[in-house]
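Here is the structure we will look at, set down as structure tokens.
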Amino acid sequence: MVVSRARVQDPATGEHRDVMYKGMASELFVPYMDPTEAWYFKTYMDAGEYGFGLQAMPLVPLNDCPRHARYLDAVFVAADGRPYVRENMICVFERYAGDIAWRHSESPITGMDIRESRPKVTLVARMAASVANYDYIVDWEFQMDGLVRIKVGLSGILMVKGTQYSHMNQVHQNDNMYGTLLSENVIGVIHDHFVTFRLDMDIDGADNSFVKVAMARQNTGAGESPRKSYLKATRHVARTEKDAQVRLKLYEPSEFHIVNPMKKTRVGNPVGYKVVPAGTAASLLDPEDPPQKRGAFTNNQIWVTPYNKTEEWAGGLFVYQSKGEDTLATWSERDRPIENKDLVLWYTLGFHHVPCQEDFPIMPTVSSSFDLKPVNFFESNPILGQRPTQENDLPVCAAAATTS
């Protein structure tokens with residue numbers, strides 16, 4: 001699923017403003033953590049080796065998507081080059097899950113009886129791909145305040161191996177199973193999933209810059225304040241690609257903005273969007289390990305490159321026998337200028353998976369996500385004028401009549 005020309009309508013002017021020219025999952029890297037002869041090579045590139053779109057599966061109405069969803073067909077290419085159509089490959093639907101878009105109530109001590117709340121209603125576009133044993137669910141969720149949430153869910157069947165063990169009391173202390181005993185004679189092998197997204201950003205136009213807003217503790221001077229410290233934010237505009245390579249650190253936090261330096265709000269802030277990470281994981285493999293050299297695009301969670309039409313697939317064009325010579329990591333070694341350029345932002349969403357018995361034989365969906373969130377893109381809260389929901393706005397569901 002490729003999202004093209006994502007724009008948001010400015011409630012103040014009615015203008016449809018550019019946010020992203022093109023967004024898609026570029027590559028999926030799935031290394032298994034068993035170095036023995038029968039398993040060491042199981043380090044898959046699910047897009048480059050199998051085809052993430054090619055392995056997409058028709059969605060099941062009422063189960064993959066809600067009753068009110070609408071479905072899109074997709075055109076595929078056969079081995080002889082002929083196109084063919086498959087139905088129900090993408091579903092689009094509005095989601096109202098009882099979440100709150102914004103609210104405020106005045107404290108009773110003010111004497112004002114003000115209670116305002118608005119429901120959050122979003123638009124979701126969804127696909128699912130079954131790449132051999134694993135199923136991936138990808139949601140692009142568009143919120144009314146301009147936020148875009150990109151979510152990946154994992155389900156399907158674990159990749160397992162046979163074992164002589166039928167109970168953990170048979171396992172010697174020094175035995176390395178490289179996984180978890182899930183059932184009698186079945187081990188689920190530890191592995192990672194990394195999904196790298198390519199996001200061609202166009203914030204109010206093609207020429208953008210990447211800004212890292214670093215947050216650090218600032219100590220107060222003697223006698224300056226009863227406080228000993230506070231949080232200070234410092235903006236740094238990335239000049240070249242290496243300036244924009246990011247490894248997330250919990251105790252060295254930053255915000256990551258894509259801005260249009262030529263467009264400013266009425267008070268002078270550059271309009272922009274920021275990448276908001278959620279739960280993610282980083283590769284722990286040795287950088288010189290052959291699988292990691294092929295998957296070197298996972299060395300950072302964020303990369304920023306100048307637009308190049310040949311750079312679409314983070315693992316390169318030919319990943320089967322790749323030795324890492326054509327990846328996002330090698331492109332970025334050129335350290336090209338990225339200030340006030342047509343930029344592509346790359347974000348890697350990661351999962352460490354130590355299997356457990358609840359994952360077997362088919363695992364419940366595990367999900368994570370990241371957001372593209374407006375930052376000084378609007379003059380104020382863009383959904384402040386949204387009207388509240390009234391009783392007659394929502395359907396009332398009644399139990400279906402039954403017959404004996």
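Values for this structure:
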quantity	calculated
Residue within the stretch 55-65 that is within 25 Å of residue 393 (Cβ to Cβ) and part of a loop (DSSP other than H, G, I, E, B) present	yes
Selection within the stretch 306-342 - basic (Lys, Arg) and open to solvent by less than 50 Å² (accessible area, probe 1.4 Å)	336
Pick from the stretch 343-391, criterion assigned to a loop (DSSP other than H, G, I, E, B), more than 30 Å from residue 295 (Cα to Cα) and of a type in the set (Val, Ile, Thr), ranking: least open to solvent (accessible area, probe 1.4 Å)	383
Candidate set from the stretch 98-119 (those that are closer than 30 Å to residue 60 by Cα and open to solvent by 70 Å² or more (accessible area, probe 1.4 Å)); member that is farthest from the chain's Cα centre (by Cα)	100
Residues satisfying the stated conditions in the stretch 177-227, i.e. part of a strand (DSSP E or B) and among the acidic types (Asp, Glu)	192, 200, 207
Top-ranked residue in the stretch 66-97 [being in a strand (DSSP E or B) and hydroxyl-bearing (Ser, Thr, Tyr); ranked as surrounded by the fewest Cβ atoms within 10 Å (Cβ to Cβ)]	84
Qualifying residues in the stretch 249-271 (those that are of a type in the set (A, V, I, L, M) and open to solvent by 60 Å² or more (accessible area, probe 1.4 Å)) - the one modelled with the lowest pLDDT	250
Residue match in the stretch 318-330 (condition: modelled with pLDDT of 95 or more, among the basic types (Lys, Arg) and touching a helix residue (DSSP H, G or I) at 6+ places or on another chain (Cβ under 9 Å))	no
First in the stretch 134-148 and closer than 20 Å to residue 376 by Cβ, second anywhere and of a type in the set (S, T, N, Q), Cβ under 9 Å, 6 or more apart	142/122; 143/122; 144/122; 144/386; 145/381; 147/122
Long-range neighbours under 9 Å by Cβ, at least six apart or interchain, first residue over 12 Å from residue 320 (Cα atoms) within the stretch 38-63, second of a type in the set (Lys, Arg)	38/161; 39/161; 56/86; 57/86; 58/86; 59/126; 61/67
Some residue of the stretch 378-389 being in contact with a Pro (Cβ under 9 Å, 6 or more places away or on another chain) and of a type in the set (D, E, K, R)	no
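The values are calculated or read from the model by the stated rules, or taken from the named source; none is laboratory data. Everything numeric in this text was worked out from a predicted model, so none of it was measured. Cβ sites come from the backbone with ideal geometry, for glycine too, and all protein chains shown count toward neighbours. In case anyone asks, the SASA skips ligands and DNA or RNA and just uses the protein heavy atoms, side chains included. Shrake-Rupley method; radii C 1.70, N 1.55, O 1.52, S 1.80 Å.
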